[in-house]
Each structure stands twice: as structure tokens, then as C-alpha cells.
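Report on the following structure.
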Amino acid sequence: MRRVLVIGSGGAGKSTLARALGARLGLPVVHLDALYWHAGWVPTPAPAWRDTVAHLAAAEAWVMDGNYGGTLDVRLARCDTAIFLDLSRWRCLARVAWRALRYAGRTRPDMAPGCQEQLSWEFVRWIWTFPHRKRPAVLAQLAALPAGQRVAVLRSPREVRRFLDDLPNA
């Protein structure tokens, strides 16, 4: 495992798992949210974002977390392992609510400077609709990967812990 992609709904634990994988495997961690967003929650324009992601994915080793469907093809083409955190919407919403309270008025460690934690109805709606709007396409893309690429679909915190426990140390 040298290029590991971690995807899933908001609140699924992508950044937390990416940090744990990076430490366990001795790989650099790339939090896409920290690169996509600029101070004040200003997004990177689509063409520039695709170029940025292609450059990041070209590196020899990484653990990369984030969704960004418009660049998923680029990342899937380069990863040797794709991990989809397929947790329930209720768990994801609870985690996002807790995160909003924990980091209220501050910026999370995996977010760009100047992007204070916030919880919007738009984000809540995106998480709520993720299972029927986004999940089928993600699963189809994962199923279409070549046999040499490892895919792990983890559906609970217990499965995430088992996955981590089964990995060798760096």
C-alpha cells in the first residue's frame, strides 16, 4: 500500500482514518479539503482543481482523503488501494454535529486556514442524500477497478478498526 485513497460521506471519518493510515504505513497524508478550500470557504476553480489533484496523485506515495467526484477518476487511476467508508447517514450526521461543536469558531487541523468549522443545512442535506445520490456511483466505480487494485468497503467503526489492526507497521 503506497497510494491509498479514502472516500466516503461527510462525517464518515475519512480524515481520521487517513491520519491513522499515514502513521501506520509511514506515508504522507493529503487532506483534499485543506487544498480545495481557501480562507473564507472560497473553492478552487474546477480546471485548476483537477490539475492540482492530478499533480498530487502523480506522487509515488500518499494517503489521500476526500470526495470531490469531479476528480475521483484521476485518483482511482493512481491509487493501489481504495477505501470507501460506507457508514450510516445517522452516524455521519452525529459525527458532523459533534465536530461542529468541538471546533466551533475554529479551524480543524485537516482544513485550510481561515475556514472555521460550520454546519450548514446544505451540508446536512448532502450527507442525508449521499446513500442514494452518490453511493451507487462510487460503488460502481470501485467495482470497475482492475483486479490489481485493492478495494475495501468498510461499513462500521469496528470494520475500520479491524482493517487498521490487520495492517503491518511501517
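The values are calculated or read from the model by the stated rules, or taken from the named source; none is laboratory data. It should be emphasised that the depicted structure is a prediction, and the values quoted were computed from it without experimental measurement. Note that each Cβ is placed from the backbone with ideal geometry, even for glycine, and that neighbours are counted across all protein chains shown. Note: areas computed on protein heavy atoms with side chains; ligands, DNA, RNA excluded. Shrake-Rupley method; radii C 1.70, N 1.55, O 1.52, S 1.80 Å.
Pull out a ≥ b ≥ c, the square roots of the eigenvalues of the alpha-carbon gyration tensor of the stretch 5-103, then state rounded if a/c is under 1.5, prolate if not and a/b is larger than b/c, and oblate in the remaining case. It comes out oblate by the Cα gyration axes.
In summary, the convex hull built on the alpha carbon positions of the stretch 26-65 has an orientation-averaged projected area of 3.0 nm².
Phi angles across the stretch 131-147 convert, under the Karplus curve 6.51 cos²θ - 1.76 cosθ + 1.60 with θ = phi - 60°, into 3J(HN,Hα) values of x, 9, 9, 10, 3, x, 5, 4, 4, 5, 5, 5, 5, 8, 5, x, 4 Hz, Gly and Pro given as x. Does the stretch 44-93 come out rounded, prolate or oblate by the C-alpha gyration tensor, with a ≥ b ≥ c the root eigenvalues, rounded set by a/c under 1.5 and, if not, prolate when a/b is larger than b/c and oblate if not? Here the stretch 44-93 falls in the oblate category.
Taken about its Cα centre, the stretch 1-82 carries a charge dipole of roughly 180 debye when the Cβ of each Lys and Arg holds +1 and the Cβ of each Asp and Glu holds -1. Shape verdict for the stretch 50-144, please, from the Cα gyration tensor: rounded (a/c under 1.5), prolate (a/b greater than b/c) or oblate. Note, shape of the stretch 50-144 comes out oblate.
Computed from point charges on the beta carbon alone (+1 for Lys and Arg, -1 for Asp and Glu), the dipole magnitude for the chain about its Cα centre is near 500 Debye.
The Kirkwood radius of the chain, taken over pairs of alpha-carbon atoms, gives through the Stokes-Einstein law at 25 °C and 0.890 mPa s a diffusion coefficient of 150 µm² s⁻¹. Distance from the alpha carbon centroid of the stretch 15-66 to that of the stretch 128-170 works out to 18 angstrom. Along the axis of the charge dipole computed for the stretch 58-152 (Cβ charges of +1 for Lys and Arg, -1 for Asp and Glu, origin at the Cα centre), the listed residues THR107, ILE83, TRP121 are led at the positive end by TRP121. Each of the peptides 130-138, 42-50, 2-10 was scored by the mean count of other Cβ atoms within 10 Å over its residues; in descending order, highest first, they stand as 2-10, 130-138, 42-50.
DSSP bridge analysis restricted to the stretch 30-170 gives an antiparallel fraction near 20%, rounded to the nearest 5. Amide H contacts for ILE83 (H built 1.01 Å from N in the peptide plane; partners 5 or more residues away or on another chain; cut-off under 5 Å): LEU5, VAL6, ILE7, ALA152.
What part of the accessible area of the stretch 37-102, given as a whole %, is carbon or sulfur when the probe is 1.4 angstrom? Answer for the stretch 37-102 is 64 percent, counting heavy atoms of protein chains only.
Summed over qualifying helices (DSSP H, 4 residues or more, each -39500 (n - 2.57)) and divided by its residue number, the chain shows a 222 nm mean residue ellipticity of -14000 deg cm²/dmol.
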